[in-house]
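S.K.: Here's a structure for you.
The values are calculated or read from the model by the stated rules, or taken from the named source; none is laboratory data. As the structure is a computational prediction, the values presented were derived from the model and not from experiment. All Cβ positions, glycine included, derive from the backbone under ideal geometry; neighbour counts span all protein chains shown. Accessible surface areas use protein heavy atoms only, side chains included; no ligands, DNA or RNA. Shrake-Rupley method; radii C 1.70, N 1.55, O 1.52, S 1.80 Å.
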Amino acid sequence: QVQLVESGGGLVQPGGPLRLSCAASGFIFRYYDMGWYRQAPGKERELVATITTARSTNYADSVKGRFTISRDNAKSTVYLQMNSLKPEDTAVYYCRRGSRPEWGQGTQVTVSP
């Protein structure tokens, strides 16, 4: 069965970096576009970044220039490098396989002094 396991979240000060990982299993990873999403308290889940099978990337305007999505097909893992973090980046972060309905448990990112 499809599994998406996010990790790497935590508490970080404004301006700091954090790297999230999403380990995927149950499908042929290299065949699928992957994405990172986030959901802040009281808000809708929103798209953060996507990476295609050809490694083409796309970012939400709010994270452009600060976040970088990448993938390692050999490890079936997608990453999100987050730099210059802001308090408004605080959310639970999830990865997703294309537009499929499966979601992992998410990883909490809290940006606070």
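S.K.: Which value, in Å³ per residue, describes the convex hull spanned by the Cα atoms of the chain? Don't skip to the end; give the middle numbers.
M.R.: Numbers: hull volume 10.2 nm³, N = 113.
So the per-residue Cα hull volume is 90 Å³.
S.K.: Let me ask something else. Compare Tyr93, Tyr31, Tyr37 by solvent-accessible area with a 1.4 Å probe and give them largest first, with all protein chains kept in place. Provide the component values of the computation, followed by the final result.
M.R.: On the way: Tyr93 0, Tyr31 140, Tyr37 35 Å².
The ordering from most to least exposed comes out as Tyr31, Tyr37, Tyr93.
S.K.: Give the span of segment 27-92's Cα atoms along each principal axis, as three whole-Å numbers ordered largest to smallest.
M.R.: Cα spread of segment 27-92 along its principal axes, largest to smallest: 34, 23, 18 Å.
S.K.: Run the quick spin-label model on Glu88 and Lys43: label points 7 Å from Cα toward the beta carbon, then report their separation in nm to one decimal.
M.R.: 0.8 nm
S.K.: Which residue, Ile69, Gln108, Tyr94, has the largest displacement toward the positive end of the dipole of the chain when charges sit on each Cβ (Lys, Arg +1; Asp, Glu -1)?
M.R.: Ile69
S.K.: Taking the solvent-accessible surface of protein heavy atoms with a 1.4 Å probe, what is the per residue accessible area of the chain in Å²?
M.R.: Numbers: 5980 Å² over 113 residues.
Computed with neighbouring chains in place, this is 53 Å² per residue.
S.K.: What whole number of Å gives the distance from the Cα centroid of segment 50-69 to the Cα centroid of segment 74-95?
M.R.: Comparing the Cα centres of segment 74-95 and segment 50-69, I get a distance of 11 Å.
S.K.: Which ³J(HN,Hα) values, rounded to whole Hz and listed in residue order, are derived for segment 15-28 from phi using the Karplus coefficients 6.51, -1.76 and 1.60 in 6.51 cos²θ - 1.76 cosθ + 1.60 with θ = phi - 60°, glycine and proline given as x?
M.R.: So the Karplus estimates, Gly and Pro as x, are x, x, x, 7, 10, 9, 10, 9, 8, 10, 8, x, 7, 7 Hz.
S.K.: Okay, moving on. For Ser25, what accessible surface area do you get with a 1.4 Å probe? Give it in Å², rounded to 10.
M.R.: 50 Å²
S.K.: Out of the total accessible area of the chain (probe 1.4 Å, heavy atoms of protein only), what percent is carbon and sulfur?
M.R.: Taking all protein chains in place, the chain shows 47 percent carbon and sulfur surface.
S.K.: Still on this structure, I have one more. How much accessible surface area, in Å² rounded to 10, belongs to the heavy atoms of Arg66 with a 1.4 Å probe?
M.R.: Counting only protein heavy atoms, the figure is 30 Å².
S.K.: If we count every other residue with Cβ under 15 angstrom of Pro14's Cβ, Lys/Arg +1 and Asp/Glu -1, where does the sum land?
M.R.: Here the charged neighbours net out to 0.
S.K.: May I pose another question? Which of rounded, prolate, oblate describes segment 1-55, given a ≥ b ≥ c as roots of the alpha-carbon gyration tensor eigenvalues and a/c under 1.5 marking rounded, otherwise prolate only if a/b is larger than b/c?
M.R.: Details: a/c = 1.84, a/b = 1.71, b/c = 1.07.
Prolate, because a/c is 1.5 or more and a/b exceeds b/c.
S.K.: Before anything else, pin down the relative contact order of the chain: Cα pairs under 8 Å, at least 6 apart, normalised by residue count, whole percent.
M.R.: Values: 268 pairs, mean separation 42.1, N = 113.
About 37 percent, as a whole number.
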